[in-house]
1. Show me, for region 47-57, the HN-Hα J-couplings you get by feeding each phi into the Karplus relation (A = 6.51, B = -1.76, C = 1.60, θ = phi - 60°), rounded to Hz, glycine and proline as x.
2. Report the relative contact order of the chain, percent, no decimals, based on alpha-carbon pairs under 8 angstrom and at least 6 residues apart.
3. Could you check which residue among G54, G65, G107 shows the biggest mean-square fluctuation in a GNM of the chain with a 10 Å Cα cutoff?
4. Between helix 25-38 and the chain, what is the angle of the helix's C-alpha long axis to the longest principal axis, kept within 0 to 90° and rounded to the nearest 10?
5. Pick from V112, V35, V60 the residue whose mean-square fluctuation is largest in a GNM of the chain, springs joining Cα atoms under 10 Å.
6. To the nearest 20 debye, what is the magnitude of the charge dipole of region 65-115 about its Cα centre, counting +1 on the Cβ of each Lys and Arg and -1 on the Cβ of each Asp and Glu?
7. Rounding to the nearest 20 debye, state how big the charge dipole of the chain is about its Cα centre with +1 on each Lys and Arg Cβ and -1 on each Asp and Glu Cβ.
8. Just name one of V112, F66, I33: the one whose Cα is farthest towards the positive end of the charge dipole of the chain (beta-carbon charges, Lys/Arg +1, Asp/Glu -1).
Amino acid sequence: MGNQSPCRQDLDGIAVVKLDAKISEADFKDMVISVAKRYGWLVHHDLPAQNTRGRWMTNVQGDVGFPDLFMVHPFQGGRPLVIELKAEKGKLTPGQKIWLNACEMAGCHAAVWKPSDMEYILYTLSNPRQ
């Protein structure tokens, strides 16, 4: 998480962290998971692994494009969060769009989060009954 900008502002007592737009998706993911855990969310994220041929892949069975994070707050209720994380200039694949739409239709809060969304992310994760 070394790509964080040290820029911090204090808006009416709320600390706002501005991230460097060049932060990697992996570092951004680690930051979002850390914040979610701090606020008591249960978090699921599939990790890629190297197969016997040396190729990296996420070994799952099912349809491609499942979102990066599935989060549920065990005590506060509210809708589950289904989140696709992207670097600032990242684009959704067709499979990711299908999954996010289907999850939203099923009652989850489905969204794409980018580093520039950090203020909204902090608000969302700190208010799980949304």
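Bear in mind that the values in this text are calculations on the coordinates, not laboratory data. As the structure is a computational prediction, the values presented were derived from the model and not from experiment. Neighbour counts run over all protein chains shown; Cβ positions are idealised from the backbone, glycine included.
1. Computed from phi, the couplings for region 47-57 are 9, x, 9, 8, 7, 5, 8, x, 8, 8, 7 Hz.
2. Details: 199 pairs, mean separation 31.8, N = 130.
Once divided by the residue count of the chain, the mean separation gives 24 percent.
3. G54
4. Its long axis makes an angle of about 60 degrees.
5. Fluctuation is largest for V60.
6. It works out to roughly 160 debye.
7. On the way: 15 positive and 14 negative charges, 44 e Å.
In total the dipole reaches around 220 debye.
8. F66
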